Each structure stands twice: as structure tokens, then as C-alpha cells.
Amino acid sequence: MDISKNKYALRARELFYKGYNCSQSAAGAWAEEMGLSLETVLKLSSGFGGGMGRMREVCGAVSGAVMVIGMLRSSGEAGADEKKRLYELVQSFAARFKEENGAGTIVCRELLGLSRKDPCSPVPEARTAEYYKKRPCPELIALAAALTEEFVDEEKRRDI
């Protein structure tokens, strides 16, 4: 998937380089389309960064994308059919993210090459040039934000 010119990927990268976390960046790229202020989306998604509170579980970019998919593709109804439809969509998104990212996972620690034994400090790393060199995060965030488009666009979704 070529994401180099995708408007959502570009927005997401821009937010990440401004210091927002992975979830905030992937979801924030879609704030306008969700009919929410950027400030609201940044607040809602803030705890999912670093694989949920920097615990290195599900990638924050994936969590942010799932928030967007839920907001734009769910009716919010409590019924089993609605849940099934949305869960299928989310599982399809996760499968595509795994396929496209080259690592075959949606788990933050695995995407970063960390082991389960690595400590999960709540203290975020400083955003230095070295940080950006060693982290795949900007590309993963851009991928999640761009890939989301396929899952919220009804016409494209039929081809998935």
C-alpha cells in the first residue's frame, strides 16, 4: 500500500512529530471526518499510546484507527448483529495492518522488537533524532491512518 501521499497518513505523521502519541496521531488525523474537535479526539485517544498506557500491548495506532472505524462505521446499537458486523470490520482491519506492516502483528512490543521482560515504564522517551531513527512508529501511525480510509469508505470496503 502506497501511503506517501495519503492525506490521513500525512496528518497522522504531522501530529506525531508535534509530540502526540501513536493513538492520538492516528485518530487525530480523522477528527474532522468524525465531526469532533481535534482537542476532543486527542483527549479521548490519549491513554491508548504506547500500547495502552505504555504497557506495550495493542499498538496505539491500531487503537486510534479502531476508534475512528467505530465512530464512522458503527450505529452504536447494542444488538448482536451490529457487534458482529463491526467486529468483522475491526478484525479485517487488524489483518490488513499485520499484512502491510511487515511484522505480522498488532502488538506494540513486537512491533518495537521488545521482549515481554522489558520493563514498561510510564515515562515516555524523549523525542530526539535517535528516537525517530530507531522507532518504526511514524510509519506505523501513517499506515494505520491511511488504511482506516479503506474501512470507513463503503465502496472500498466492499472490495475487502
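Structural remarks
- Residue within segment 108-117 that is in contact with a Ser or Thr (Cβ under 6 Å, 6 or more places away or on another chain), at pLDDT 95 or above and either among the small types (Gly, Ala, Ser) or surrounded by fewer than 19 Cβ atoms within 10 Å (Cβ to Cβ) (or both) present: no
- When segment 16-59 is filtered for residues that are among the aliphatic types (A, V, I, L, M) and surrounded by fewer than 24 Cβ atoms within 10 Å (Cβ to Cβ), the ones remaining, listed by number, are 31, 34, 36, 38, 42, 44, 52, 55, 58.
- For segment 10-37, a residue qualifies if it is part of a helix (DSSP H, G or I), basic (Lys, Arg) and either under 17 Å from residue 111 (Cβ atoms) or over 14 Å from the mean Cα position of the chain (by Cα) (or both), and exactly one does: 13.
- Exactly one residue out of 137, 120 is at pLDDT below 90 and either under 14 Å from the mean Cα position of the chain (by Cα) or surrounded by 15 or more Cβ atoms within 10 Å (Cβ to Cβ) (or both), and it is 120.
- Evaluation of residue 40 against (1) part of a helix (DSSP H, G or I); (2) among the polar types (S, T, N, Q); (3) closer than 21 Å to residue 140 by Cα (one fails), failing number: (3)
- Residue that is charged (D, E, K, R) and surrounded by 14 or more Cβ atoms within 10 Å (Cβ to Cβ), where the choices are 149, 99, 77, 82: 149
- Residue list for segment 46-64, filter: part of a helix (DSSP H, G or I) and in contact with a Cys (Cβ under 9 Å, 6 or more places away or on another chain): 48, 60, 61, 62, 63, 64
- Whichever residue in segment 90-117 is over 19 Å from residue 53 (Cα atoms) and among the aliphatic types (A, V, I, L, M) and, among such residues, is farthest from the chain's Cα centre (by Cα): 103
- Selection count where residues are farther than 16 Å from residue 66 by Cα and touching a strand residue (DSSP E or B) at 6+ places or on another chain (Cβ under 7 Å), scope segment 88-129: 0
- Among residues of segment 60-74 being free of Cβ contacts under 8 Å to residues at least 60 places away in the same chain and among the aliphatic types (A, V, I, L, M), the one that is surrounded by the fewest Cβ atoms within 10 Å (Cβ to Cβ) is 71.
The values are calculated or read from the model by the stated rules, or taken from the named source; none is laboratory data. These figures come from a predicted structure and were not determined experimentally. As a convention, Cβ positions derive from the backbone with ideal geometry for all residues, glycine included, and neighbour counts pool all protein chains shown.
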